[in-house]
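What follows is a set of notes on a single structure, which appears directly below.
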Amino acid sequence: MTRSNPLVAIYPGSFDPVTLGHEDIARRALRFADRVVVAVARAATQAKRPFFSLSERLEMLEEVFGDEDRIECDSFEGLLVDYARARDIRFVIRGLRAVSDFEYEFQMAQMNRELYSDFETIFLVPNVDYSFLSASLVREVAVLGGDVSPFISPSVLRRFEEKLGAEGVG
Ligand code: ADP
């Protein structure tokens, strides 16, 4: 079978902040996708304020993926399927860590298919080193003064240092 159109996939998330686990998943997706759009969700439904602002999260993604011209970073508001449909993107990448991710991810994949029948969800499993890594855990450890340098790229570490003061994050 030959494919004439480039395969474009979207990798959505809150990326608060982008971790090495996210990075691993996005780069893995490039093994079969021609281009990946890493998209920060401006979740209007999120009750809690994010730790990093939307523009900070987007800037960090651009720094982390600056070396890869097949990755585009963007943000979207509202439903993922509306954004994807408007750009004619038919594949969404999600990362699966432990079993705990499964139920939510499964429900979301089914719901997205209800909303956009041509939309396929592709689950990727990260490198085992990142299987237990979440952005929320990284934030928690950083705020409490732990070393998060094994889990995030140096540019993200600098952002934490700027926000929290230099002590305790690296
Ligand atoms: P987090 O769950 O870390 O706060 P997001 O909400 O931004 O991150 O997650 C976006 C997507 O990336 C989700 O599909 C999530 O399962 C996936 N993901 C997050 N961290 C990892 C990781 N360490 N390994 C694999 N997938 C991950």
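The values are calculated or read from the model by the stated rules, or taken from the named source; none is laboratory data. Values in this document were obtained by computation on a predicted structure and should not be read as measured data. Cβ: placed from backbone, ideal geometry, glycine included. Neighbour counts: every protein chain shown. Each accessible area value is taken on the protein alone, full model and side chains, heavy atoms only, with ligands, DNA and RNA left out. Shrake-Rupley method; radii C 1.70, N 1.55, O 1.52, S 1.80 Å.
Among the helices (runs of 4 or more DSSP H) confined wholly to the range 10-111, which include 1 or more residues that are at pLDDT 95 or above and within 27 Å of SER149 (Cα to Cα)? If you could, list the steps in order and put the result at the bottom.
Numbers: elements: 20-29, 54-64, 80-86.
Once the helices (runs of 4 or more DSSP H) in the range 10-111 are filtered for at least 1 residues that are at pLDDT 95 or above and within 27 Å of SER149 (Cα to Cα), what remains is 20-29, 54-64.
Hey, does the range 37-55 have a residue that's more than 13 Å from the ligand (Cβ to nearest atom), under 17 Å from GLU140 (Cα atoms) and surrounded by fewer than 23 Cβ atoms within 10 Å (Cβ to Cβ)?
Yes, the conditions are met somewhere in the range 37-55.
Within the range 65-102, can you find the residues that are away from the ligand (no atom under 13 Å from the Cβ), in contact (Cβ under 8 Å) with a residue 60 or more places away in the chain and closer than 16 Å to ARG28 by Cα?
PHE91, the sole residue that qualifies.
Read through the list (1) open to solvent by 40 Å² or more (accessible area, probe 1.4 Å); (2) hydroxyl-bearing (Ser, Thr, Tyr); (3) under 13 Å from the mean Cα position of the chain (by Cα), then give the number of the only condition that TYR11 fails.
So the condition that TYR11 fails would be (1).
Only residues that are more than 13 Å from the ligand (Cβ to nearest atom) and open to solvent by 40 Å² or more (accessible area, probe 1.4 Å): list them for the range 107-119, please. So that I can check it myself, show each step before the final result.
Just the residues of the range 107-119 that are more than 13 Å from the ligand (Cβ to nearest atom), to begin with: 110-111, 113-119.
Answer for the range 107-119, where residues must be more than 13 Å from the ligand (Cβ to nearest atom) and open to solvent by 40 Å² or more (accessible area, probe 1.4 Å): GLN110, MET111, ARG113, GLU114, LEU115, SER117, ASP118.
Taking the range 120-155, which residues are touching a strand residue (DSSP E or B) at 6+ places or on another chain (Cβ under 7 Å), surrounded by 15 or more Cβ atoms within 10 Å (Cβ to Cβ) and either acidic (Asp, Glu) or over 21 Å from ASP67 (Cβ atoms) (or both)? Walk me through how you get there before you give the answer.
Residues of the range 120-155 that are touching a strand residue (DSSP E or B) at 6+ places or on another chain (Cβ under 7 Å), as a first pass: 120-124, 126.
Checking which are surrounded by 15 or more Cβ atoms within 10 Å (Cβ to Cβ) leaves us with 121, 123-124, 126.
Answer for the range 120-155, where residues must be touching a strand residue (DSSP E or B) at 6+ places or on another chain (Cβ under 7 Å), surrounded by 15 or more Cβ atoms within 10 Å (Cβ to Cβ) and either acidic (Asp, Glu) or over 21 Å from ASP67 (Cβ atoms) (or both): THR121, PHE123.
If ALA142 satisfies every condition in (1) within 29 Å of GLU162 (Cα to Cα); (2) in contact (Cβ under 8 Å) with a residue 40 or more places away in the chain; (3) in a helix (DSSP H, G or I) but one, which is the exception?
(2)
Could you check SER155 against (1) within 16 Å of the ligand (Cβ to nearest atom); (2) in a helix (DSSP H, G or I) and say which number it fails?
Only one criterion is unmet by SER155, namely (1).
Could you tell me whether ILE122 is closer than 18 Å to VAL38 by Cβ, touching a Lys or Arg at 6+ places or on another chain (Cβ under 9 Å) and either polar (S, T, N, Q) or outside any helix (DSSP H, G or I) (or both)? Spell out the reasoning first.
Working: closer than 18 Å to VAL38 by Cβ: yes; touching a Lys or Arg at 6+ places or on another chain (Cβ under 9 Å): yes; either polar (S, T, N, Q) or outside any helix (DSSP H, G or I) (or both): yes.
The answer is yes for ILE122.
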